[in-house]
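Undergrad: Structure provided below as structure tokens; questions to follow.
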Amino acid sequence: MNLAKQLLSGNRLALTRLLTQVENDTSEGRAALTELFPHTGAAHLIGVTGAPGTGKSSLVNQLALHFRKQEERQVAIVAVDPSSPFTGGAVLGDRVRMRDLAGDPGVFIRSMASRGSLGGLAQTTAGLVQVFDAAGFEIILIETVGAGQAEVEIARLAQTTLVIEAPGLGDDIQAIKAGILEIADILVVNKADRPGVENTLKALRSALELAHPVQHVFQHHGVLETVEAPEVPTYNSWIPPIQKTVATECTGISELADEIARHAEHLRESGDWAARERSRLGSELDAMLQDMLVTRFRDQVSQSRYEAVLDQVFQRELAPWEAVKMLLNGRSQ
Ligand SMILES: Nc1nc2c(ncn2[C@@H]2O[C@H](COP(=O)(O)OP(=O)(O)OP(=O)(O)O)[C@@H](O)[C@H]2O)c(=O)[nH]1
Ligand SMILES: [Mg+2]
């Protein structure tokens, strides 16, 4: 029996081995992903991102415990270790902190060292997630650090993305960079036991106001109850809620889990679940097509011919558009 079949029959050793194959992008790994693909699509993927040290791993740990104990769901955790040298020790730290979950066969934790290109990282993460999904894990938590391009790409994988903030990262949340609110479905202010929580909340609320119609946010967060109903239809809009937590004391965790469930329900009711899935698969296909076409093209055009054409462009004898046309037409020569 091949690894994919073993995995589908519930073999945990096959799971570990397959994850390694996929991480190393071996041909066996690719073949297995192809075989497993029809068995994917059932899991709820939850991305967890935020600045270093905001408590992402602690939160992921608590959420996993919650989903295990309160909802008896199978939980997988993919911790994508950042390429950042500052948090180099995080994986080990994470493992230690994850010990609450050790020995529970309903939880599987995989830390992934990031190596290679950013695009490769997103692709590898997607592969690991597919393996977990096919293996029957209902909840897949994906932890990434920061809000760079790689995190945004990885967040696109998830149906629900949590952005974690914590007080004391700077006077007024220098951590809220452009783009991070765009990927947030739920904002979490962790370390709510620390001084400065109110400032963090305030900064987040005003950032949200900029991103969404003012009345919505005020109404949603109950700051102003008497604001007139907005003209904009609300049935399809989601305002990211802000949830306070203390991961080290398990405060706010079940409320956070409720918000996650509410978001999943919203996605399903509004049709966004399917729309996101389709658009994500579309970008995956596009990326693969581009890869394949470039590889195929490179296989067919010799380096010397390519250099010769580039020379002509450099000498201004050929415009780039003409050059591309020539190279493409020359493929069959
Ligand atoms: N006071 C307080 N400390 C917390 C809380 N949550 C996490 N911490 C502590 O903050 C530190 C960092 O927590 P992690 O969970 O490793 O944070 P992280 O965001 O995963 O860190 P990186 O993966 O390195 O970016 C640890 O010492 C935690 O014990 C909290 O709610 N309150
Ligand atoms: Mg961490």
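The numbers here are math on the coordinates, done by the rules we state, and not lab data. Worth saying up front: this structure is predicted, and the values here are computed from it rather than measured. Please note: Cβ atoms are built from the backbone with ideal geometry, for glycine as well, and neighbour counts cover all protein chains shown.
Undergrad: Going through the stretch 234-333, which trypsin sites (Lys or Arg not before Pro) have at most 12 other Cβ atoms within 10 Å and a DSSP loop state?
TA: Details: sites: Lys244, Arg262, Arg268, Arg276, Arg278, Arg280, Arg296, Arg298, Arg305, Arg316, Lys325, Arg331; in loops: Arg316.
Answer by residue number: Arg316.
Undergrad: So for the stretch 2-43, Kirkwood radius off the Cα pairs, Stokes-Einstein at 25 °C and 0.890 mPa s: how many µm² s⁻¹?
TA: Working: Rh = 10.2 Å.
It comes out at roughly 241 µm²/s.
Undergrad: Sticking with the crude label model, points 7 Å out along Cα→Cβ, report the distance from Leu285 to Val313 in nm, one decimal please.
TA: Distance between the two pseudo-spin positions: 2.9 nm.
Undergrad: Once the piece of chain linking Ala274 and Arg194 is laid out straight, how much longer is it, given 0.36 nm per residue of separation minus the C-alpha distance between them? Before the final figure, lay out each step's value.
TA: Working: separation 80, 0.36 × 80 = 28.80 nm, distance 3.93 nm.
Stretched fully, the Ala274-Arg194 segment lengthens by 24.9 nm.
Undergrad: Exactly which GluC sites (Glu not before Pro) in the stretch 253-333 are in a DSSP loop and have at most 13 other Cβ atoms within 10 Å?
TA: Filter output for the stretch 253-333: Glu317.
Undergrad: Any chance you could run the full-extension gain for Thr16 through Ser254? It's 0.36 nm times the residue separation minus the Cα-Cα distance, nm to one decimal.
TA: That pair, Thr16 and Ser254, stretches by 82.7 nm at full extension.
Undergrad: Would you please put 121-130, 56-65 in order of how densely packed they are, using the mean number of other Cβ atoms within 10 angstrom per residue and starting with the highest?
TA: Details: 121-130: 21.9, 56-65: 23.9.
Put in order of decreasing packing, that is 56-65, 121-130.
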